[in-house]
Amino acid sequence: MQTANQTELKKTDDLAGNAVIRVEDVHKYYELGETRVHALRGVSLEIQRGEFVAIMGASGSGKSTFMNMLGCLDRPSSGRYLLEGIDVSKHDKRALAQIRNQKIGFVFQGFNLLARTTALENTELPTLYAKIDKAESRKRAVEALALVGLADRMEHFPSQMSGGQQQRVAVARALVNRPAILLADEPTGNLDSRTSVEIMEVFQDLNDKGLTIVLVTHEHDVAQFAKRVLVFRDGKIRKDDPVLHRPKAAEVLKTLPTLED
Ligand SMILES: Nc1ncnc2c1ncn2[C@@H]1O[C@H](COP(=O)(O)OP(=O)(O)OP(=O)(O)O)[C@@H](O)[C@H]1O
Ligand SMILES: [Mg+2]
């Protein structure tokens with residue numbers, strides 16, 4: 001027979017199983033010679049599968065520090081981070097790199113594409129480290145590019161594409177290993193407003209297909225396309241609200257002038 005305590009434990013396990021991300025009282029310190037920056041000051045949070053979260057907050061409030069931890073690029077100084085129920089907060093660099101490759105897709109403000117490499121080859125890159133055979137890699141890259149609406153640009157080099165198209169290649173590249181979450185730090189930071197909405201259309205589409213997304217943005221209008229908005233201040237979460245009356249990016253695009261107009 002189970003005691004009350006065991007039942008309680010089991011419940012917690014089940015919950016942890018559902019949460020893609022579970023962060024428990026995380027602190028992050030950066031040591032810089034004599035000075036110590038306290039970048040995260042007790043952050044706790046759960047994100048369930050299928051959520052679409054936007055993170056806002058002033059410059060220096062800890063958004064990128066938090067995203068780098070979620071993306072297994074860095075570890076918390078204290079507290080725990082569970083990714084799909086696995087405590088990765090104590091993993092060493094090598095183990096983090098492996099988890100990152102399997103579970104995380106990352107998109108940055110600068111698209112970080114290789115210049116002398118086609119859209120298709122850029123998209124295929126992460127599969128090189130994932131022990132996937134050539135034919136399967138190609139197939140996945142083609143699928144990922146189709147998902148972001150670039151089926152007709154596969155052989156283009158970055159210099160032959162617009163900023164929005166380059167960012168879509170970066171999104172396709174982030175998806176090619178079929179990650180559990182897509183993390184994006186200021187993905188529309190270098191894009192004009194119409195192109196930003198186009199990227200948000202891609203994100204909403206992917207989220208509708210079940211992908212969990214966390215994105216950082218300075219722009220309130222961009223954050224409104226997500227389902228939930230967190231606001232960071234001084235290394236803490238100060239607000240955590242659902243988005244009411246969320247616009248569909250595809251609809252908003254119809255109201256915006258195109259380049260040809
Ligand atoms: N590698 C680092 N070494 C030392 N201090 C750092 C490092 N990275 C960030 N910091 C400091 O940690 C704090 C949080 O920085 P972070 O980059 O997370 O802010 P942010 O919210 O992403 O800001 P922005 O909106 O400007 O991108 C800042 O005070 C910053 O100076
Ligand atoms: Mg930042």
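Quick note: the coordinates plus some simple rules give every number you see, no bench work behind them. In this text the structure is predicted, and so the values were computed from the model without any measurement. Cβ sites come from the backbone with ideal geometry, for glycine too, and all protein chains shown count toward neighbours.
Taking the criterion of being among the small types (Gly, Ala, Ser) and either within 16 Å of ligand 2 (Cβ to nearest atom) or at positive phi (or both), the residues of region 29-51 that qualify are Gly33, Ala39, Gly42, Gly50.
Scan region 202-221 and tell me whether some residue there is farther than 22 Å from Glu251 by Cα, away from ligand 1 (no atom under 16 Å from the Cβ) and of a type in the set (A, V, I, L, M). For region 202-221, residues farther than 22 Å from Glu251 by Cα, away from ligand 1 (no atom under 16 Å from the Cβ) and of a type in the set (A, V, I, L, M): absent. Only residues that are more than 16 Å from Phe203 (Cβ to Cβ) and in contact with a His (Cβ under 8 Å, 6 or more places away or on another chain) were counted across region 173-190, and they come to 0. Among the helices (runs of 4 or more DSSP H) lying completely within region 76-184, list those that include at least 3 residues that are of a type in the set (Gly, Ala, Ser). Those helices (runs of 4 or more DSSP H) span 134-147, 163-175. Which residue is farthest from ligand 1 (Cβ to nearest atom), if the candidates are limited to region 39-65 and must be part of a strand (DSSP E or B) and touching a Gly at 6+ places or on another chain (Cβ under 6 Å)? Going through the qualifying residues, I end up with Arg41. I want to confirm something. Restricting to region 134-171 and keeping residues that are charged (D, E, K, R) and over 20 Å from Leu253 (Cβ atoms), which single residue is farthest from ligand 2 (Cβ to nearest atom)? Here the residue is Lys134. Selection of region 172-197 for residues being among the polar types (S, T, N, Q), more than 16 Å from ligand 2 (Cβ to nearest atom) and out of contact with any strand residue (DSSP E or B) (no Cβ under 9 Å at 6 or more places or on another chain) yields Ser193, Thr195, Ser196. I'd like to check something: does region 72-81 contain any residue that is more than 20 Å from the chain's Cα centre (by Cα), within 15 Å of ligand 1 (Cβ to nearest atom) and not charged (D, E, K, R)? Yes, the conditions are met somewhere in region 72-81. One residue stands out in region 52-94 among those that are among the hydroxyl-bearing types (Ser, Thr, Tyr) and closer than 29 Å to Glu219 by Cα: the one that is nearest to ligand 2 (Cβ to nearest atom), namely Ser64.
Only one of the numbered conditions (1) in a loop (DSSP other than H, G, I, E, B); (2) buried (at least 20 other Cβ atoms within 10 Å of the Cβ) is violated by Gly210, and that is (2). Filtering region 183-201 to residues that are touching a residue at least 40 places away in the same chain (Cβ under 8 Å) and away from ligand 1 (no atom under 16 Å from the Cβ) leaves Ser193, Arg194, Val197, Glu198, Met200, Glu201. Here Ile99, Ile55 are screened, and the one residue that is in contact (Cβ under 8 Å) with a residue 24 or more places away in the chain, buried (at least 16 other Cβ atoms within 10 Å of the Cβ) and in contact with a Lys or Arg (Cβ under 7 Å, 6 or more places away or on another chain) is Ile55. Only a single criterion out of (1) away from ligand 1 (no atom under 16 Å from the Cβ); (2) at positive phi; (3) not aliphatic (A, V, I, L, M) is not satisfied by Gly164, namely (2).
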